[in-house]
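Trainee: To start, I am sharing the structure in question, which I have written as structure tokens.
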Amino acid sequence: MQVWRRIKDKLRAAWYRRENRKVLMGVMIGLALIAGIGIGAYRAWPEEQPAAVQPLTKEELDELVQEKVQSVIATFYPWVLDGPTQVVMVEPPTSPLPQPTEPKPEPEPEPVVSFERLIWPVQGEIATPFGWYRHPVYGDWRFNAGVEFAATGDTVRTVLPGKVAAVNANGEEMELIIEHGSGWASIYRSVAGIKVAPGEQVQQNQNIAVPAGTGRVFFGLTHNGRPVNPEAFLR
């Protein structure tokens, strides 16, 4: 504090001296000029402008991406660049269009079953008719899905042309099923000596079997799997 007081006293004493006032005034004016010039120069200093970003074109962007990819491959996968790169364009195989040389055959129409000449399957009389009947031995009521013939002849013949659908055996009797189209089928049971095989085409009145030892031959007629009374068609 004493040093500062001494400086103030010396400045005050020098100020009161006329010859020193001019010097001090010149010093103060010079300092003011220097300060003003410095402030003006600071304000006039050009501000740093951000660099303008030029948009990239698609070609430049593709080239930049390719350079980056090449750089990554060269850094991490250098073996890829050992051989020449060949771009191969793979086209999917084209399916050849069908070029038929012949027209598509029309499906054969399903034969229409005609019952105008439905022959009897065996020679003989009807022993058990179609429908419900009382069993002669056991006395109970049973349903007969066809008719049972007491055969007097030695052959069993087809009532209509068709195709053999099945030949079945249950250990007691043989059964032959023939399909005639349009949902119709004929069934021959208690027959023996069957002369046809499944899948074989047969004609009407063709010899297909012989009556079994009992001489009782069952004949059934079905449409779409449901039994139909054959007596309505036998002539």
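The values are calculated or read from the model by the stated rules, or taken from the named source; none is laboratory data. Values in this document were obtained by computation on a predicted structure and should not be read as measured data. Cβ sites come from the backbone with ideal geometry, for glycine too, and all protein chains shown count toward neighbours.
Trainee: Which ones in the range 205-216 are among the β-branched types (Val, Ile, Thr) and surrounded by 14 or more Cβ atoms within 10 Å (Cβ to Cβ)? Full working, then the answer.
Mentor: First, pick out the residues of the range 205-216 that are among the β-branched types (Val, Ile, Thr): 208, 210, 214.
The answer is 208, 210.
Trainee: Which of the residues spanning the range 186-204 are within 10 Å of residue 158 (Cβ to Cβ) and either surrounded by fewer than 14 Cβ atoms within 10 Å (Cβ to Cβ) or not assigned by TED's automatic domain parsing to the domain that holds residue 161 (or both)?
Mentor: Within the range 186-204, 203 is the sole residue that qualifies.
Trainee: Here is a follow-up. Please specify each residue of the range 126-160 satisfying the condition of being more than 52 Å from the chain's Cα centre (by Cα), in a strand (DSSP E or B) and among the charged types (D, E, K, R).
Mentor: Once the filter is applied, which keeps residues that are more than 52 Å from the chain's Cα centre (by Cα), in a strand (DSSP E or B) and among the charged types (D, E, K, R), the range 126-160 yields 134, 142, 148.
Trainee: Only residues in the range 186-200 that are over 9 Å from residue 174 (Cβ atoms) count as the first member; pair them with residues that are among the aliphatic types (A, V, I, L, M) and not in a strand (DSSP E or B), Cβ under 8 angstrom, at least 6 apart or cross-chain, and list the lot.
Mentor: Cβ pairs passing all conditions: 186/159; 186/160.
Trainee: Yes or no: residue 169 free of Cβ contacts under 8 Å to residues at least 24 places away in the same chain and of a type in the set (A, V, I, L, M, F, W, C)?
Mentor: yes
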